[in-house]
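Have a look at the structure below, then the notes.
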Amino acid sequence: MAFNPNQNFSSSPFDVKDMKQAGNAGKKVGKVVLAAVAALLVLTVALGAFTTVDEGHVGVRYQFGRIVEDDIPPGLVLKIPYVQQIVKVDVREQTYELVTNAYTKDTQTVENLIIKLNYSYDESALSDIIRNVGIQNVESKLIIPQLQSVVKNEIGQYRAEELIQNRAKVQSTIQEKMSESLAQGGVMVNNLAIEDIDFEDGFEEAVRAKVVAEQEALKMQNKTKEKEEMARQTVIEAEAEAESQKIAADAQAYAIRTVQQELQNSPEYIELEKVKKWDGKLPQAMGDSINPFINFDQITGQ
């Protein structure tokens, strides 16, 4: 093949027009990508500007890590993305259960002592709780150490038997002291209950034996009282009978005196009594004198 000096080497499969079209298409794709990224960024920012606070919770607004609002109510909340943060705090009643042991005044061991504490946060003090303790540290830093101390100190004031008898009083005292103590940290005690008090087996057996002995003694005492009451009733009945007899005797004596007095005052009284007691039948004969009231019908059989 002969060399042609006039041959044009600038020609290629794509001419200049095709190259321009390809460049325009690339620019369009870039604009689309840029627009998509911008839209995605706007959407992310828009979504990040809203959050929700659930029922039973309170929203706490942070701005650059500093609390600026601590009483946001449940619902939709607007915030500045990347500048503000909304933290949700559960303000519903919480329950903590303490299982520990303690010693009574007479050095009896209380095993498996179970205390149940119901508490909630003072919403007006949320900021202080978060700054000073942290919501997640309320139990470990406030409730547990204080409850342990109060429970052990209070139980140590009673002998074992007294503790059983005064359980309600001990429970009330512990709740009162815990309320005063935790209120300083923004925590409110709603209720406290001693769920279980379990002593060593030996002591429980001794208590049961004592209770049985006391019950038997009480039964005997009741029987003694019953016998005493029966004896008292017998005496009362005897006294009543004697009094009744005395009254009857007095009445009889009075009647005799009355009759005697009537006889003295009226000799005819005895004849009157005879007439009262006469049955209306005439006797056939009386003595050795003629009875003017002889019933001839009876004599003759007529």
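State in Å² the accessible area per residue of region 218-262; use a 1.4 Å probe, count heavy atoms of protein chains only, and round to the nearest integer.
89 Å²
Give the carbon-plus-sulfur fraction of the accessible surface of region 102-166 in %, rounded to a whole number; probe 1.4 Å, heavy atoms of protein chains only.
41 percent
Test of understanding: what is the full-extension gain from Ile80 to Ile236, defined as 0.36 nm times their sequence separation minus their Cα-Cα distance?
Net length gain for the segment: 46.6 nm.
Rolling a 1.4 angstrom probe over the protein heavy atoms, how many square angstrom per residue are accessible across region 35-150?
56 Å²
What is the set of long-range amide H partners of Val110 at a cut-off below 5 Å, with H atoms built 1.01 Å from backbone N?
Correct list: Ala102, Tyr103, Thr104.
Which entries of Lys152/Lys177; Lys105/Lys152; Lys88/Lys116; Lys116/Lys141 have Cα-Cα distances beyond 21 Å here?
From the list (Lys152/Lys177; Lys105/Lys152; Lys88/Lys116; Lys116/Lys141), the Cα-Cα distance tops 21 Å for Lys88/Lys116.
Find out how many positive minus negative residues lie around Ala160, taking Lys and Arg as positive, Asp and Glu as negative, among other residues whose Cβ is under 9 Å from that of Ala160.
Summing Lys/Arg as +1 and Asp/Glu as -1 gives -1.
What is the Cα coordinate range of region 89-205 on the first, second and third principal axes, sorted by size from largest, in whole angstrom?
On the principal axes, region 89-205 reaches 51, 20, 20 Å in Cα extent.
What is the distance, in nm, between label points placed 7 Å from the Cα along the Cα-to-Cβ direction at Ser120 and at Val32?
Each label point is offset 7 Å from its Cα along the Cβ direction, giving 5.8 nm.
Taking R0 as 30 Å, what FRET efficiency do you get between Arg159 and Tyr96 from their Cβ-Cβ distance, rounded to the nearest 0.05?
With a Förster radius of 30 Å, E is 0.60.
The values are calculated or read from the model by the stated rules, or taken from the named source; none is laboratory data. Quantities reported herein were computed from a predicted structural model and do not represent experimental measurements. Note: ideal-geometry Cβ built from the backbone for every residue, glycine included; neighbour counts use all protein chains shown. For the accessible areas, the whole protein counts, side chains as well, though only heavy atoms, and no ligand, DNA or RNA atoms are used. Shrake-Rupley method; radii C 1.70, N 1.55, O 1.52, S 1.80 Å.
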